[in-house]
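The values are calculated or read from the model by the stated rules, or taken from the named source; none is laboratory data. Predicted, not measured: the structure shown is a model, and the values here were computed from it. Cβ sites come from the backbone with ideal geometry, for glycine too, and all protein chains shown count toward neighbours. Note: areas computed on protein heavy atoms with side chains; ligands, DNA, RNA excluded. Shrake-Rupley method; radii C 1.70, N 1.55, O 1.52, S 1.80 Å.
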Amino acid sequence: MLVDLPGGWNPLLGRLAWSQIPYDNPILAPLFVAVVLGGIAIVALITYYGKWGYLWKEWLTTVDHKKLGVMYIIIGLVMLFRGFVDGLMIRTQQAWAVGPDSSGVFGALHGYLTPFHYGQVYSAHGLIMILLAATPLLVGFMNIIVPIQIGARDMAYPYLNALGLWITAAGAALIMASLFVGNFAHNGWFGYAPIFEIQYSPGVGVDYWMWTLQLLALGTTLGGINLLVTIIKMRAPGMTWFRLPIFVWASLSANIIALTSFPALQVALGLVAADRYLGAHFFTAGLGGNLMLYTNLFWIWGHPEVYFVILPAFGMMSEIFPVFSEKPLFGYITMVLASFAIAGVSWLVWLHHFFTMGAGPDVNSFFSVATMLVGIPTGVKVFNWAFTMYRGRLTFTAAMLWAIGALFLLLIGGLTGMMLAIPAINYMVHNSVFVIAHFHSMLLVIVYAVFGSVIFWFPKVFGFKLDEFWAKTMFWLFTTGTVLVFVPMYMLGFMGMTRRLDYVFNVHWQPYLLVMEGGIVVYTLSVFAFFVLLYVSIRDRVKNRVGADAWGTSRSLEWLTHSPVPFYNFAVTPHVNARDEAAWRRANGIAGVQPAKYVDIHMPNNTAVALYIGALTFVLGFALTWRIWWLCLASLVAIIVLMIVRSYRGDPGYIVTAAELERMEREAIARERQIDGSAGEPVVGGAPAVGRPAMAYERSDLPTTSTPPSMGPGARH
Ligand code: HEA
Ligand code: HEM
Ligand SMILES: [Cu+2]
């Protein structure tokens, strides 16, 4: 060993020892028991209902982009819940531990968390929320929606897609393992040099943090490559660049950011690993190391990352506003340009996270101006959305409410971001909870856009709508929570409260802290409302079934195929005629035209290899964290062997014959007719009845760019 490791090391188990299991911790021990019992209950239920085969065939080994997307979203929602509980713990600690010696109203106990534990909670909260809640939620939606929106059968690389998911799951598992085996980092979500050096953080916490981030960076990169190739190569005929649905543009710009910025993070963490494992000195205070080198490298990724997560959210908002305003998106081209402008500038602003480093006025001014530039394209987007709604026929569905909420948060977060971008102001509020309030406003834009999208696209994926009443109830509870937690936080920021306080010395702040705790209670109610929403919607699923065009005013291509989307997406690859293809076909009376003939289609086979590699990457991450070298080697070799075997075997795929396809399509059509009948409409979504079944596909002989023959020349849309 290059450094002395507390707790020792042995060749068999590395640093692992019984003393690392926190069985005497009053919070973790009961939680562990609950998790084990919960796990046993789930296994028992699956066995009882005989669902193992289904789970294995339909989900665990699937390469279907929709199912992988759903699993990404499930991981995201579970981790959002975990992150929320962390947020709840932080808020509760701060409401409790108030006073110079923590002798405020409830302060005699100094709160209920030790500073050591408290540091782990906010570090895990930040990392989880950004990389394991927001990112998988967005990647999940990109996975499900992008291929359908461009008329593709699947992603370009279905197997790689599964690999990305399982590596992300491995990252989630690794950070969850840190709850019960060892502990997590206390260096914040972004880490500080030299505190994460082995001398100052000798435990395994930093290693958990570092390897979790590495795994997630890898998973996201794989997903990014796949999405880029899919968008560039797999568009249906007629889907020209400027006919792409806006969410596809958003995904494209976001993934360009991901692919170009994640390597910086991986390099930074690789160097941290060299410091901690090999005794290098990249980020130490002496021996040639440079502390700020780490900070620079981290934020060269960290800042683009925040735009990587906000751009798809903007894309979601751009899909929701037009549908519930019954108007096309205002300023489509400027929307696209704005996304790329944001992506472009995002690489030039990283230093605004450490204006106080002391780089001098010239450097700070450059980064200040660059940062403020982002306000222009973002402003373009804000005004475009406003003009989309202006004089539209607005319906305030739950999805629309979430999107409007996101817009308000964006305004508040954006304007406070502008304040932070001014170095003179930044010197006053850096490291205060004002910064925390700024970025929660921004990051909550994502949460709002995601919940809006869950409601918006749920019927497309599952074939029935979510219950509007409970979706709105959840929205209002969540929004009340947001106001109660984050308005006082802005105020405390101005009063000078610094971030990451494990106890609060100023008793005058306690009323604000208690209001924030009240906000947490309301947030918790909104979590319950979400569960009720799921329960009620699943209970009423037959009543709430929908046809292809679930909202009746939908615009883009995904609304032309059945709901739920069949595994092959489109029976016949559609020809695209216009930017808002679904709206265009509705206007032209061809929304329900059947294809002239079906042809055989080629689909990829399921594979368990991605799941195995995912599991092995977890083992590798765990072994690296605990320095169990033989296990590192074994898992690495196993991964490489699996990869080689898989690449030699390849996947010949399988054929769905035209006859089979026709049979499945007939069933789907019959089902959709039934739904239309029960809704009392001739064709789903109020499309003009043309005496044809409520079906999604165009005749394959339809010209790609002209008006349909039935409408004659000069028809308008
Ligand atoms: C999704 C996440 C997200 C987004 C989109 C943003 C967007 C912006 N952020 Fe934020 N930010 C974070 C997440 C995000 N941020 C995080 C996580 C941190 C801290 C991490 C940590 O320390 O732990 C942070 C920290 C941070 C700092 C460092 C604070 C500090 O530590 O001292 C700064 C400073 O400049 C900043 C600025 C900005 C600006 C100017 C924008 C702009 O993009 C905003 C642009 C939007 C608008 C301006 C609103 C709409 C525009 C109009 C209506 C037009 C009219 C307005 C004008 C022309 C001004 N952010
Ligand atoms: C649901 C409601 C949420 C609550 C109540 C909440 C609460 C908190 C609190 C109390 C802190 C610590 C503040 C401090 O340092 O003083 C914090 C930090 C943080 N939160 Fe949240 N949060 C929520 C949602 C989110 C979401 C959705 C994200 C990201 C997508 C997020 C990302 C972060 C980050 C990055 C930090 C900084 C961690 C650090 O200092 O290292 N939070 N949050
Ligand atoms: Cu930034």
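To the nearest Å, what is the center-to-center distance of segment 524-569 and segment 608-646, using C-alpha atoms only?
Cα centroid of segment 524-569 versus Cα centroid of segment 608-646: 38 Å apart.
Which whole-angstrom value gives the distance between the alpha carbon centres of segment 162-180 and segment 418-480?
25
Based on the mean of other Cβ atoms within 10 Å per residue, sort peptides 164-170, 39-45 so the most packed one is first.
Top to bottom by mean Cβ count within 10 Å: 164-170, 39-45.
On the accessible surface of the chain, probed at 1.4 Å, how many percent belong to carbon and sulfur atoms?
Within the chain, the accessible surface is 72 percent carbon and sulfur.
Output the peptides 497-506, 609-618 sorted from most to least packed, where packing is the average of other Cβ atoms within 10 Å over each peptide's residues.
The packing order, highest mean first, is 609-618, 497-506.
In straight Cα distance, which lysines are under 29 Å from Lys51, not counting same-chain residues fewer than 8 positions off?
Here the lysines satisfying the reach criterion relative to Lys51 are Lys66, Lys67, Lys460, Lys465, Lys543.
Students sometimes get this wrong: rank Val536, Val229, Val521 by accessible area, probe 1.4 Å, all chains present, largest first.
Solvent-accessible surface, decreasing: Val521, Val229, Val536.
In whole Å, how far is the Cα centre of segment 244-258 from that of segment 16-48?
40
What are the lysines whose alpha-carbon lies under 17 Å from the alpha-carbon of Lys381, with same-chain residues fewer than 8 places away excluded?
Reachable lysines: Lys327.
Using a 1.4 angstrom probe on the protein heavy atoms only, line up Lys543, Lys66, Lys597, Lys327 by accessible area, largest first.
Lys543, Lys597, Lys327, Lys66
Rounded to two decimal places and with Rh computed the Kirkwood way over Cα pairs, what is Rg over Rh for the chain?
When Rh is taken as the Kirkwood radius, the ratio is 0.97.
At 7 Å along Cα-to-Cβ for each site, give me the label-to-label distance between Ala638 and Phe366 in nm.
Placing both labels 7 Å beyond Cα along the Cβ direction yields 4.9 nm.
Within segment 264-359, list the GluC sites (Glu not before Pro) lying in a DSSP loop whose Cβ has at most 16 other Cβ atoms in a 10 Å radius.
Listed in order of number, the matching sites are Glu326.
If contacts are Cα pairs under 8 angstrom and at least 6 residues apart, what is the relative contact order of the chain in percent?
In percent, rounded to a whole number, it is 16.
Helix-derived [θ] at 222 nm for the chain: sum -39500 (n - 2.57) over DSSP H runs of at least 4, divide by residue count, nearest 500?
So the helix-based figure for the chain works out to -21000 deg cm²/dmol.
Ordering Tyr390, Tyr23, Tyr598 by how much accessible area each has at a 1.4 Å probe, largest first, what is the list?
Per-residue accessible area, sorted high to low, gives Tyr23, Tyr390, Tyr598.
What is the angle, in °, between the Cα long axis of helix 629-649 and the longest principal axis of the Cα atoms in the chain? Nearest 10 is fine, range 0 to 90.
Here the helix axis deviates by roughly 20 degrees.
Would you check the accessible area of Asp580, probe 1.4 Å, heavy atoms only, in square angstrom rounded to 10?
40
Between Ile21 and Thr114, what is the label-point separation in nm under the 7 Å Cα-to-beta-carbon projection?
In this crude label model, Thr114 to Ile21 measures out at 1.9 nm.
Helix 246-278 versus the longest principal axis of the chain: what angle, 0 to 90°, nearest 10, using Cα atoms?
Helix 246-278 sits at roughly 30 degrees to that axis.
Please compute the contact order of segment 276-385 in relative form: average sequence separation of alpha-carbon pairs under 8 Å and at least six residues apart, divided by the residue count, as a percent.
Relative CO of segment 276-385 lands at 27 percent.
Compute for segment 498-547: radius of gyration divided by Kirkwood radius, i.e. Rg/Rh, restricted to C-alpha atoms, rounded to two decimals.
1.36
Can you order the peptides 522-530, 456-464 by their average number of other Cβ atoms within 10 Å per residue, highest first?
Top to bottom by mean Cβ count within 10 Å: 456-464, 522-530.
Would you mind checking the tilt of helix 658-679 against the longest principal axis of the Cα atoms of the chain, expressed as 0 to 90 degrees and rounded to 10?
Tilt relative to the chain: about 90 degrees.
Tell me, what HN-Hα J-couplings in whole Hz come from the Karplus equation 6.51 cos²θ - 1.76 cosθ + 1.60 at θ = phi - 60° for each residue of segment 454-464, using x for Gly and Pro?
Working through the residues one at a time gives 4, 5, 5, 9, 3, x, 5, 7, 10, x, 9 Hz.
Accessible area of Trp629, 1.4 Å probe, to the nearest 10 Å²?
Surface accessible to solvent at Trp629 totals approximately 90 Å².
Regarding segment 395-558, what are the three Cα extents along the principal axes, ordered largest first, in Å?
Rounded to whole Å, the extents work out to 56, 31, 23 Å.
Which whole number in µm²/s is D for segment 484-591 by Stokes-Einstein, with the Kirkwood Rh taken over Cα pairs at 20 °C and 1.002 mPa s?
114
Please report the relative contact order for segment 472-630, taking Cα pairs under 8 Å with a sequence separation of at least 6, and give it as a percent rounded to a whole number.
The normalised contact order for segment 472-630 reaches 18 percent.
Met419 accessible area, nearest 10 Å², 1.4 Å probe?
60
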